[in-house]
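Notes follow the structure.
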Amino acid sequence: MNNEQIYYGGRTYDPVVATLFTKVFLWMTVALGITALTSMLVYNSNFVFTVIQNRGLVWGLLIAEVLLVIGLSASINRLSFGVATFIFIIYSVLNGITLSTIFLVYTHSSITLAFFVTAGTFGAMSLWGYFTKRDLSKMGSLLFMGLIGLIIATVVNIFIKSSALMWITTYAGVLIFVGLTAWDVQKIKLMLNQATEVNDSTQKMALLGALELYLDFVNLFIYILRIFGNRK
């Protein structure tokens, strides 16, 4: 595919970049759909009780998810597009199994509310990240450091079980992933602007972008659910 730009309505469009960016959000949406479907299927079966009662299984799922994300990100250039896509699907399924437990904790109506609040917030920040002329790289660096601090505080709170720290990390998590959404969209846009054609290499770039936005959405949803979720 030739990298020919099209001028329309006062804007210049690059069909290659537009195609790849569409794939980013399409694959992210498909992955979220797989996660949601898996969560509901696990919840409607007895397996959800196995998950919630077996701490070793939960830790195993979480470790497997981390390893898949790290492995996919580090090996994306060496993997074929098909294998990379398969790993993304497996990760989405494992995450769905983990998230199935929220249906035992929160009411369905509050989960639905949290999802739509997340979708609206994510959409607004994605648009801002895509269209803003401001360089978000400095903000992104600060947010990444904040994310590291958030992870450390969350791990510490597993042991000290502080309610105050839990709420601090919850609101901090919302702010951090709201900002990361805008930063990641701008970063993906700049990355895809270098593409001259749609091939396996550029589609893997788009797939990695879809994974980043998927992670932003899921984490933002979890923190918003803590705020809006009504416990059973």
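The values are calculated or read from the model by the stated rules, or taken from the named source; none is laboratory data. Please read all numbers here as calculations on a predicted model, not as lab measurements. Quick reminder, even Gly has a Cβ in these numbers, built from the backbone with ideal geometry, and neighbours come from all protein chains shown. Surface areas here come from the heavy atoms of the whole protein model, side chains and all, with no ligands, DNA or RNA. Shrake-Rupley method; radii C 1.70, N 1.55, O 1.52, S 1.80 Å.
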Q. Considering only residues of the stretch 54-99 that are of a type in the set (S, T, N, Q) and within 21 Å of ILE222 (Cβ to Cβ), which is farthest from the chain's Cα centre (by Cα)?
A. ASN54
**Q.** Residue that is most open to solvent (accessible area, probe 1.4 Å) [pool: residues in the stretch 128-162 that are in contact (Cβ under 8 Å) with a residue 40 or more places away in the chain and part of a helix (DSSP H, G or I)]
**A.** TRP128
Q) Of all residues in the stretch 105-127, which are over 26 Å from PHE25 (Cβ atoms) and either without any contact (Cβ under 8 Å) to a residue 60 or more places away in the chain or open to solvent by 50 Å² or more (accessible area, probe 1.4 Å) (or both)? A) HIS108, SER109
Q | Residue that is farthest from LEU79 (Cα to Cα) [pool: residues in the stretch 187-211 that are part of a loop (DSSP other than H, G, I, E, B) and either modelled with pLDDT of 95 or more or not hydroxyl-bearing (Ser, Thr, Tyr) (or both)] | A | ASN193
Q: Determine the pairs where a residue that is open to solvent by 50 Å² or more (accessible area, probe 1.4 Å), located within the stretch 164-176, has a partner that is in a helix (DSSP H, G or I) with Cβ atoms under 7 Å apart, the partner being 6 or more residues away or on another chain.
A: MET166/ASN157
